[in-house]
Each structure stands twice: as C-alpha cells, then as structure tokens.
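Here the structure is laid out as structure tokens; the discussion comes afterwards.
Please treat every number below as a calculation from the coordinates, not as lab data. Everything quoted here is computed from the prediction, not taken from an experiment. All Cβ positions, even for glycine, are placed from backbone atoms using ideal geometry, and neighbour counts span all protein chains on display.
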Amino acid sequence: MGASSDDDAVLIQKGKKPGDPHVVTVNCPDRTGLACDICHAILDFGLYITRADVSTDGRWCYIVLWLVPHFSSPIVRWPNLKKRLLSICPSCTVSFYLNQPSPCSGSSPVYLLTFCCLDRRGLLHDVTQVLCELELSIQRVKVTTTPDGRVLDLFFVTDNLELLHTKKRQDETCEQLHSVLGESCIRCDLHLAGPQYDHPQSSSSLSRVLADELFRSEISDKEASAETLSQDMEKLRTASVIVDNSLSPAHTLLQIQCIDHKGLLYDIMRTLKDFTIQIAYGRFSPVTKGNRELDLFIQQQDGKKIVDSEKQSVLCCRLKVEILHPLRVIIANRGPDTEILVANPVELSGKGRPRVFYDVTLALKTLGICIFSAEIGRHSTADREWEVYRFLLEENCRFELSNIVVPVQHRDVLRHGECCQSQHSCCQITQRK
C-alpha cells in the first residue's frame, strides 16, 4: 500500500467476457466508515458484490471488489460509479495521517419533481427506475390517486451528479419521464424545493402495536411461525457471529457466517461504522450454496482489541439482527384497505439504505399489485432512526396478496425487491390481521 494520485485512487477493470464481474480497486487514505460508504454507493448503482478483500494499516487502505449488476439493473454507468467512489475517497493531497471525516450526506439541495398522469399498473416503479438511472436519490415521496384515475406524484430528490440546477439536466429528467409515461403524462414540473425540505419529514403516526413490531431490536421466536412466510425458517435464521482474540496480538477477529442477501456487506459495514469499529483486514468470500463467510480483523476507535465481554455481546447481537433483518416489512389491514410498511435503519451519519423504494415498487409490480398511495418518512426510536416506507394498496389487491404466501420467487421479490442471486430470506415479514 502506498500513495497514489487522486485520479488513480479508483480503478475499474472490465470482466474478460460477458457475465464476468468487473473488478474495482480502491487505493486511498483510510478513515473509519470508508468501506461502508463505498458499499452504499455500490448498492445505489444496483450492483452486487460477489467477493471482496480489504486491507489497511490504519492510514492507507486497499480495497478490491468484484461486482456484477443485479438482474433488474442491467444498465450500469461505470464511469459515473468511478466518479462517485472518487468523491467518497479521502483526498490523496491531504495527509493520510489525519482522521478525515465522512463526506456530509445532507449538503445537496433538494428538488421537487411534480407530475400528473393517468394511472396504470407498474407506473410508480417505472418512474422510480428512471430516477435511479438518472442518479437522482429519492428523499421523500407523496403519491396520491384521484377518483378519476389520475395520479399526482411528488418526488423530493437530490442529484448525485450535482447538476440539477442546470436547465440541461432538468430538461433531461423531464424528457426521460415523458418517454416512460408517454401520452398519459399531463404535466411535469421540476424546481428547487427550498430549505424547509432539506431534512426528511417524520412519518405519519404509527399505532403503538405496529411501531413495537416494526422497530423491535430482538429476534423473536415468533419468526419461526407460519406468519413469517418461510418454508425453512431454521435455515434462514442461521447467522453465526464469533469473536476471537487469540489469533492476533493487536486485532480482534470477527467471523461471520450467514445466508446471503442483497446488500449484506453494506449491512455489516454500516453496523461497524455506527460502532466506530476500524477494519485492518477483511475477506468477503464468494457464495457457497447460498451462504456467505466474512473474516474481519478489527479494532476499536482507540486502536485496541475488543476484550470487554459486554461490548462483544452487544456488537454480535446487533450484527445478527442487521444480517437477518436488514429490512422490516409488515402487511397490515386499515379497515377495508391493505397497507405495506417497510422500515430500515438509518446510519448515524443520516444516510438511509439505497434503492429501497425501487425494490419495493419492483416487488409490487412483479406481483401485479397496484399502489393507491405512497410516502416516505423518518421515525425515531430510543436508540436509532428509521426510514419508513408506507404503501396503501388498491382495494382489489386482497386476492393477489394471498399469492405471496406460496410462490418462492414472489416471496423473495417482496422481501427485498431483487433480494439476491439465490432465493433466501433477507428481512422480516409479518402479516397482521
């Protein structure tokens, strides 16, 4: 490991033949949480990490990632990914002896995209896909359907390219939406939302019962019941997190074995970042029969091993929860209506999980379920903040929802949109009467 220019900090090598993974190499000054921020960007581009190697001396890091697109994200703008990763990496021109902070996640201005069109099945996902391909991050959403079959959508977005203030970028966004909506598009407007919308709003009030179930931190025996919609729950609940201090005089070895799912490495790195854990060396092995193994040599922020048994227990328990249930999903009845609630924990830095809205709308489109209204908000519990996605479904979806109890391919799509390369559980689903 050694110094390089800023331009050489990220290198992308294409696969030798179609289907082979692209190899992304990151070689730059280190900081706590850097691996998490890199995994966040990769997930945001719709990419899947097949394997990874991470090494650092605490000052300089060297990360190698093998990436392939998820099946629903065939278009990957690799040059744009490189630019995003370069923006995340600490600058080589700044001394790598300094503990540089993470980039500020709330610096981008928020824009309001408003459009009105005739409703149709899968509309919301088609629009979301356009926004993702344009690298616009969805911060808030308000979707309503009128009795005459029209849809009024309000998307509060930020631009990862930082170009939405230009007329060219705004015109490109509206043109792409018009191409998807076609003649059904009645109106499309895009303008700066103003400072009052820079921070996510609180989610609409949740009942105490729903909130307790959605945000609970422990893993309950109830998950082994039929309500979890799982055919082999014992296998799906398997997650081994072991701490070993005997192999290294300076580092704690963290060994993780679990079922694979989309964003698994991000979920692990996000948890370690929130605990301010530093990674000295890590290996993320390829999938073997749907299972993943991860070995990490880690230290606390003070450069010491984790020897306190209580700290070890807290870290292992949190990792198990995040590995088994990165998303929480509840299907609830609101009188005559059916509502789907999806929640995911927000990083301490304020960033939420990428593409959750994309994944859920894809799942509902795949299941043939129409969305009557949707919104995104935040909810704070005693120990953390959550992003909450609420989808009110059309009245005629009751029969269609019953299908998710049976077909495996539909079940996994609902669990995480494009869950993983193999079909395994990656979040908690509960159906409430």
Treat each spin label as a single point 7 Å out from the Cα along the C-beta direction, and report the LEU192 to SER179 distance in nm. 2.8 nm
Most to least packed among 12-18, 168-174, 210-216 [average Cβ atoms within 10 Å]: 210-216, 168-174, 12-18
Trypsin sites (Lys or Arg not before Pro) in region 272-322 lying in a DSSP loop, each with at most 15 other Cβ atoms within 10 Å of its Cβ, come to LYS289, LYS304
What's the ranking of 176-186, 21-31 by average number of surrounding C-beta atoms within 10 Å, highest first? 21-31, 176-186
Neighbour counts of other C-beta atoms within 10 Å: give me HIS325, HIS379, HIS191 arranged from fewest to most. HIS191, HIS379, HIS325
I need the phi-derived Karplus couplings for region 56-68: 6.51 cos²θ - 1.76 cosθ + 1.60, θ = phi - 60°, integer Hz, Gly and Pro marked x. 7, 9, x, 10, 10, 10, 9, 10, 10, 10, 9, 10, 9
Plugging the Cβ-Cβ distance of ASP383 and ARG77 into 1/(1 + (r/R0)^6) at R0 = 60 Å yields, to the nearest 0.05, a FRET efficiency of 0.95
Beyond 18 Å (Cα-Cα) in this structure, taken from LYS262/LYS320; LYS262/LYS305; LYS14/LYS273, we find LYS262/LYS305; LYS14/LYS273
